[in-house]
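Enquirer: Below you'll find the structure I mean.
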Amino acid sequence: MPWQQHVADVALEQDPDTRLLVYRRVVLTVPRQSGKTTLLLAKMVHRAQGFGRRQRITYTAQNRLKARQKWEDEHLPILERSPFRPLYSVRRQIGQEAIRWHNGSIHNLDAPTEEAGHGDVLDEGVIDEAFAQEDARVEQAMAPAMITRPQPQLSVVSTAGKSKLRSPYLWGKIEAGRAAVEAGISTGVAYFEWSAPPESDPGDPATWWGCMPALGHTVTEAAVAAEFQDMDLSEFRRAYLNQWLDEAPDEWLVITRAQWEALTGPATERTAPVAFAADMTPDMSYGSIGVAWRNADGSLHVEIPQGDHRPGTSWMADRLIELYQTWRPCAVVVAADGPASSLVAPLQAALPKGVLLKPGATERAAATGQFYEAVTDSKTLRHIDQPELANALASARKQTVGDHWWWARKGIFADVSPLVAVTYAAWGHAMRGHLRPPRPMLVVSNPNR
């Protein structure tokens, strides 16, 4: 692929006068499944065959077991299918694994310890999956074995670590590489990084095309979109955007924290007409009921009634019936094809005809779009800054379906049911609120319930 060719061209650049390698160190950080294994193998084979004399190459990964798995499952099968097969033999004895080239070069494995690479000499060292290294002990072990060699090179290769504290060795390499690039200075290190800027939208295909060098070659946009829907967002950022989670921005990706907090207002008296809506997590571990009404200034108020976001879902049908009897809402909304569809039958049996609204896909998309516009554009929505809504919005993501989108479920490990509930409540009020003129409400012991 073009990116692999670029890395090979630069990393193996020679001084025109001495014909020796320009760089003693190569640092490469790239998203997962980009093809770095193939690149590293090609580079090691080139070292074994193309340097005119016997070469010693050592490969390490997170641990010896991982290194052997990579060697056994990927390096050897690729070589065995290649024209190089007649040029080497394989030593598989545990602890002494090696590809022994007939010209005398040896490509062996080692554990990532302070003993790595120890021996007479070392021409090429590879520290793969460097995010797992806690310190520089592997590099410090390999470097002395390279000191007498005419063209040594050490490659440090990895996808981003989860945090700078947990991957200090790799983070130090990245800091140094970025600083050198920013300053425009040469440090004797060939530094390569493909990653998305921290502020990028992780769900935008433009972000993927900007940082995934294998996209369009061995990876398809559809495959990345599927991973985005299914994976935890933090792990998606690290694996496919090559982002350090320490650098990732606040995860309010659809509606920002600032936009939401700007619409916080005081608690107001609930006035008719009101609309209620229910939603629950896909595993039915939590349920939420949302309510919407118009304030005196015309703004739309949404909230979760006190106590109506709680574990389980068996309480929800009875609670909605109780709320109807108390408030006579203009609408009770439950998506018939959503997680809360089990509420439809008991509510249909208990509520008057026309009160229960069951939005399908088109209506759900419309409801989400109306809610989004009321927060981000017209700014006509108000709320009382409830933690359950803030937590849901902090993790909310879009699920795109055709030309529409609504709040995603897959890959979301936070409970977004409070957000979905108030979204549907706002839609129910928009659909039916004009049909029931304001009138005095029944007196209840707790008007905020």
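What follows draws every value from the coordinates through simple rules; no lab data is involved. These numbers come from a predicted model, not from an experiment. Here the Cβ positions follow ideal geometry from the backbone for every residue, glycine too, while neighbour counts run over all protein chains shown.
Enquirer: With n ≥ 4 as the cut-off for DSSP H runs, can you work out [θ] at 222 nm for the chain, using -39500 (n - 2.57) per run divided by the number of residues, rounded to the nearest 500?
Expert: Working: 15 runs with 153 residues, N = 449.
Estimated from H runs of four or more residues: -10000 deg cm²/dmol.
Enquirer: What distance in nm lies between label points placed 7 Å from Cα along the C-beta direction at D297 and K353?
Expert: In this crude spin-label approximation the distance works out to 4.2 nm.
Enquirer: Next question. With charges only on Cβ, +1 for K and R and -1 for D and E, what is the dipole size of the range 252-335 about its Cα centre, in debye, rounded to 20?
Expert: The calculation lands at about 100 debye.
Enquirer: Follow-up. Using 1/(1 + (r/R0)^6) with R0 = 45 angstrom and r between the beta carbons of D283 and L20, what's the FRET efficiency to the nearest 0.05?
Expert: 0.15
Enquirer: Of the peptides 80-88, 27-35, 311-319, 338-346, how do they stack up when ordered by the mean number of other Cβ atoms within 10 Å, highest first?
Expert: Ranking, from highest mean packing down: 27-35, 338-346, 311-319, 80-88.
Enquirer: Another one. Which of the peptides 144-152, 236-244, 59-67 is most tightly packed, and how do the rest follow, going by the mean number of other Cβ atoms within 10 Å of each residue? Mind showing how you got there, number by number?
Expert: Details: 144-152: 15.0, 236-244: 22.4, 59-67: 19.7.
Sorting 144-152, 236-244, 59-67 by mean packing, highest first, produces 236-244, 59-67, 144-152.
Enquirer: Per 10 Å bin, what is the whole-percent P(r) computed from every C-alpha pair distance within the chain?
Expert: Reading the bins upward from 0: 4, 18, 22, 16, 12, 11, 10, 5, 2, 0.
Enquirer: I've got another one for you. Given the range 94-190 reduced to its alpha-carbon atoms as identical point scatterers, what log10 I(q)/I(0) does the Debye formula return at q = 0.14, 0.19, 0.21, 0.22 Å⁻¹?
Expert: Results for the range 94-190 at q = 0.14, 0.19, 0.21, 0.22 Å⁻¹ read -0.60, -1.01, -1.15, -1.21.
Enquirer: If I model a spin label at R100 and D120 as a point 7 Å from the Cα along the Cα→Cβ vector, what separation in nanometres do I get?
Expert: 1.4 nm
Enquirer: Picking from S378, S288, S163, which is most flexible by a Gaussian network model of the chain using Cα springs under 10 Å?
Expert: S378
Enquirer: Still on this structure, please answer the following. Grab every C-alpha pair in the range 1-111, bin the distances at 10 angstrom width from 0 up to the longest one, and report whole percents.
Expert: Bin by bin from 0 Å, the calculated values are 12, 43, 36, 8, 0.
Enquirer: Something else about it: Calculate how steeply helix 2-11 sits against the longest principal axis of the alpha-carbon atoms of the chain, using the helix alpha-carbon long axis, and give the answer as 0 to 90 degrees to the nearest 10.
Expert: Value to nearest ten degrees: 40.
Enquirer: Counting only DSSP beta bridges with both residues in the chain, tell me the antiparallel percent, nearest 5. Spell out each step's value before the answer.
Expert: Numbers: 25 of 56 bridges.
Taking every DSSP beta bridge within the chain, about 45 percent pair in antiparallel fashion.
Enquirer: Placing unit charges on C-beta atoms (Lys and Arg positive, Asp and Glu negative, everything else neutral), compute the dipole magnitude of the range 1-92 about its Cα centre in debye, rounded to 20.
Expert: Taking the Cα centre of the range 1-92 as origin, the dipole is about 520 debye.
Enquirer: While we're here: Check each of the trypsin sites (Lys or Arg not before Pro) in the range 398-432 and keep only those in coil by DSSP with at most 14 other C-beta atoms within 10 angstrom; list them in order. The partial results should precede the final answer.
Expert: On the way: sites: K398, R409, K410, R432; in loops: R409, K410.
Filter output for the range 398-432: K410.
Enquirer: Using +1 at the C-beta of Lys and Arg and -1 at the C-beta of Asp and Glu, which of Q348, W171, S299 has the Cα lying farthest in the positive direction of the dipole of the chain?
Expert: Q348
Enquirer: Counting only C-alpha contacts under 8 Å and six or more residues apart, can you give the relative contact order of the range 1-119 as a whole percent?
Expert: RCO, the range 1-119: 24 percent.
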